[in-house]
Amino acid sequence: MLTDSYGRVHRDLRVSLTDRCNLRCTYCMPAEGVPWTPTPELLTTDELLRIVDTAVSAGITEVRLTGGEPLLRPDIVDVVRGIASMTSNDGEPVEVSMTTNALRLPRLAEPLKEAGLARVNISLDTLRPDRFQQMARRDRFDDTMTGIAAADAAGFHPLKLNTVLLRGVNDDEAADLLRWSVERGYELRFIEQMPLDGGHIWQRSEMITGAEILAMLREEFELTEMPGRGAAPAERFLVDGGPSTVGVIASVTMPFCGACDRLRLTADGQLRSCLFARGETDLRTPLRDGSSEEEITALIHACLASKLPGHGINEPGFLQPPRPMSAIGG
């Protein structure tokens, strides 16, 4: 098992496939001048699959593919197929999921489903095309909606949507977004804006808190807290008695670090014990130098041994990680 010094068992591996994206969301990336990771530094598909297979042998049971935008990886279907073919220590197939902006799903949803992708989470911050262009700095609202419809048609159920509310930008749409999602049978997740933006301009005072989100929603909906959260990042609520649900991921104001079961692998082969970690464990260099599976496993355990009890956002002296979310993977 992959157990850290605080007794947390890790079963979830988040794998960034690229730091590139075809949107420029204001809370994630600067508008221009992003220094992309050079291609030779990125893990090849064989290297990525070898690291994931080693992690699965050590105890990982679920792999979530992230970015940047994971669908920009040319061999994304092969990556999904390779991971979906792995078997965890409990004898079950590894569950493969993905977080995406959906822009390439019209072409890829069906092949990904056939390759073994189990679930998708799609980012959707607004129902207004003009606001979408303002927030994403790209005029791709219609493409996003087409991608969501493609995922639905391909059978990715339940289909989950991720929303970040920004004060004075889209915070008046909370109820509209939930109503729209409930009508279509989608599961909406509101996520507090975190200090992981490329421009390092995050300010706590500008963040819409989880408590504020719930207060907005309760003006129009009856929300009933659901038990059994476990290691899930979202606190879930039944909407008007169910069966529809809504989730709130309040990583900043209501951290859930005590139940964290996640590790993160960046596209250039660095293992991170926490989204906000300032240190990384290099797996790419040892792998390319011929390290064995046992040696890579030892490095994974060493990374876990350094994991702190919490992310430290609310502690004096907190420093934002040098890498933005787009380079770490969500």
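With the requirement that a residue be buried (at least 19 other Cβ atoms within 10 Å of the Cβ), under 21 Å from ARG288 (Cα atoms) and polar (S, T, N, Q), what does region 1-46 give you? Scanning region 1-46 gives SER16, THR18. Sub-8 Å Cβ pairs linking a first residue in region 87-112 that is free of Cβ contacts under 8 Å to residues at least 24 places away in the same chain to a second residue that is crowded, with 17+ Cβ neighbours inside 10 Å and part of a loop (DSSP other than H, G, I, E, B), at least 6 apart or interchain, are PRO93/MET86; PRO93/GLY116, ordered by first then second residue. For region 53-69, the set of residues classified as in a helix (DSSP H, G or I) and in contact with a strand residue (DSSP E or B) (Cβ under 6 Å, 6 or more places away or on another chain) consists of ALA55 only. When LEU127, LEU108, LEU103, LEU117 are checked against the criterion of being among the hydrophobic types (A, V, I, L, M, F, W, C), under 17 Å from VAL169 (Cβ atoms) and either at pLDDT 95 or above or not in a loop (DSSP other than H, G, I, E, B) (or both), a single residue qualifies: LEU127. Set side by side, the residues GLU315, GLU280 differ, and just one is under 23 Å from the mean Cα position of the chain (by Cα), at pLDDT below 95 and of a type in the set (Asp, Glu), which is GLU280. Within region 226-254, the set of residues being touching a residue at least 24 places away in the same chain (Cβ under 8 Å), crowded, with 18+ Cβ neighbours inside 10 Å, of a type outside the set (Gly, Ala, Ser) and in a loop (DSSP other than H, G, I, E, B) comprises just one member, VAL252. Look through THR297, THR285 and report the one residue that is without any contact (Cβ under 8 Å) to a residue 40 or more places away in the chain, more than 22 Å from MET98 (Cβ to Cβ) and not in a loop (DSSP other than H, G, I, E, B). Answer to the check: THR285.
Of all positions in region 283-300, at least one carries a residue that is modelled with pLDDT of 95 or more, buried (at least 16 other Cβ atoms within 10 Å of the Cβ), more than 22 Å from LEU165 (Cα to Cα) and of a type in the set (D, E, K, R).
You will find that of ARG131, ARG119, the residue that is surrounded by fewer than 22 Cβ atoms within 10 Å (Cβ to Cβ), touching a Ser or Thr at 6+ places or on another chain (Cβ under 6 Å) and either of a type in the set (D, E, K, R) or on the phi > 0 side of the Ramachandran plot (or both) is ARG119 and no other. Among all residues of region 257-275, there is none that is farther than 19 Å from GLU192 by Cα, among the small types (Gly, Ala, Ser), at pLDDT 95 or above and surrounded by fewer than 17 Cβ atoms within 10 Å (Cβ to Cβ).
The values are calculated or read from the model by the stated rules, or taken from the named source; none is laboratory data. Just so it is clear, the structure is predicted and the values come from calculations on it, not from any experiment. With ideal geometry, Cβ positions are generated from the backbone for all residues, glycine too; neighbour counts draw on all protein chains shown.
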